[in-house]
Amino acid sequence: MIEFQAVVFAAGRGTRLPEVLGDAPKCLLPVGPYPLIWYPLNLLQQHNFSEVIVVVLEQEKLEIQSALENTPLKLRLDYATIPSDGDFGTADSLRYIYDKIKSDFLVVSCDLVSNVSLYPLINKFREHDAALAMLLFPSGFESDVVMPGPKSKHKPERDLIGIHSATQRLAFVSAASDCEETLNIQRHLLKNRGRLDVYSRLVDAHVYVLKKWVIDYLRRKENISTFKGEFLPHLIKKQHSKRPPKTVQDTTSEVGVVTKNEDHVLHYVGHTILDQKITQTSLFNQSLSQAPYHGDVVRCYGIQAPKDAIGVRVNNTLSFLAINRKLASIWNNLCGEKHPLISPGAVVKSTQTKEIIAADNAKLSEKTSLNFSVFGPNCIISPKNIVANSLIMSNAIVEEGCNIDNCIIGHRAQVKSGSVLKNCIIGPNYVVEEGTHSQAVHLSNADQFMEIDIQ
């Protein structure tokens, strides 16, 4: 798709996945036979993108690059690295790669797993010459999944999203936690703009189509660090910015340097006489009997995915478990039959399997009973084991004679011989000692402390 560039953010540190992540990059979490980042990249490939900019932490580039080379992607990936020791938000990262953005562009998060068509989103952006169009999913994908480990109540993060139903224009986006008992809506959001619907159960898919001028403007706003939390609400509010009646001429400072009002958003929006005539005569301007778009030059839209589309953001442990649990049943709708659930590089010697998924180089030994489970890359399941309804993550080892039911075994964890685990979470790098019998617990190294001898 020559018209747009595509950017995938894969530099997140996975702070909401402490139970399973360890020191592995979040974007390489195993989701079925592929790493998490493969899914948004595959989605872009299906929409005829041939090149994608992938934003990664500098120290993780080689590991991510190596993992993706073992997947059936045909995209050309341009890795843009950001310093590993910096505290970069998503808006900071966009500013950091500013020189790579030459046209209008899509931004996609590495934790998106979806089969939704992006064309309605892109077409809405084109039709209305929008500044931004964002994709929204219905929430609740993980609502019927129960986490193993100690009983706890999951409180999903929710947004309040205001959308004018007649036009799909965004009125506001804010975190529900930022609102008190009542939601105050400013009068100008309702005046002459038709019905306003407020949603609390829509999920921001973190798929945005953006004008090139938006990153020019963002570059100027150095005080804004995050895209979703800070810049998105900021840009939506700027929809109501108005140009002065007459164009303000550039001024010249006392030292003879030409200055412009570069802090004003409308400084960045193309608005020539030709632009105005195109907007006035467009079939899509939705207000042919009055000033197009009520005079709004900055326009932002929220597009809801169809209710039958698959869409989940794997940004916490529950959603990570949910997508792996449900993957076998939705696989053909998500990826099609050409991608097998058992990787060609997996070694499966077990003859007693039912609805399993195995990633590259997973080694599943003979004399094992393996059912309704997902086995990550480079994991090892020794003989005489029973594994059911579980997720065995990358590089984990299960020794002989274990019985594992409804568990998550974390990255590089080791379960020693004769252990019986039910409804447990085993943290990354944790060693379950031989003969352990545990139920509904979370075992991790997080509670261990390093002793420092101060002389």
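Throughout, read-outs are computed from the coordinates displayed, never taken from laboratory work. This is a predicted model, so every value here is computed, not measured. Counting neighbours? That spans all protein chains shown, and the Cβs are built from the backbone with ideal geometry, glycine included.
Tabulated data
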quantity	calculated
Placed amide H near V207: partners under 5 Å, 5+ positions off or other chain	L135
Relative contact order (%) - criterion: Cα under 8 Å, at least six apart; region: the chain	16 percent
Reachable aspartates and glutamates from K26, criterion Cα separation under 12 angstrom, eight or more residues apart if same chain	E60, E63, D111
Pairs beyond 28 Å (Cα-Cα), from K124/K212; K74/K416; K100/K326; K228/K307; K74/K349; K367/K416	K74/K416; K100/K326; K74/K349
Kirkwood estimate for the chain, i.e. one over the average of 1/r between Cα atoms, Å	24.2 Å
Tensor-based shape of region 66-214 (alpha-carbon gyration tensor, a/c under 1.5 rounded, otherwise prolate or oblate)	oblate
Kirkwood hydrodynamic radius (C-alpha pairs) into Stokes-Einstein, region 124-180, 20 °C and 1.002 mPa s, D in µm²/s	147 µm²/s
Potential extension, K338-K100 segment - 0.36 nm per residue separation minus Cα distance	82.4 nm
Rounded, prolate or oblate (a/c below 1.5 giving rounded, otherwise prolate when a/b exceeds b/c) for region 51-109 by Cα gyration tensor	oblate
Residues whose placed amide H lies under 5 Å from that of V116, excluding near-sequence neighbours	I310
Residues listed by number, region 134-165, amide nitrogen under 11 Å from R201 label point at 7 Å toward C-beta	138-141
Hull shadow area, averaged, region 341-448 [alpha-carbon convex hull, nm²]	5.4 nm²
Extension reserve of the E127-V347 stretch, reckoned as 0.36 nm per residue once the Cα distance is removed	74.2 nm
D85 paired with N429, simple spin-label distance in nm, labels 7 Å along Cα-to-beta-carbon	2.0 nm
Candidates per trypsin sites (Lys or Arg not before Pro) in region 72-165, loop by DSSP, up to 13 other Cβ within 10 Å	K74, K102, K151, K153
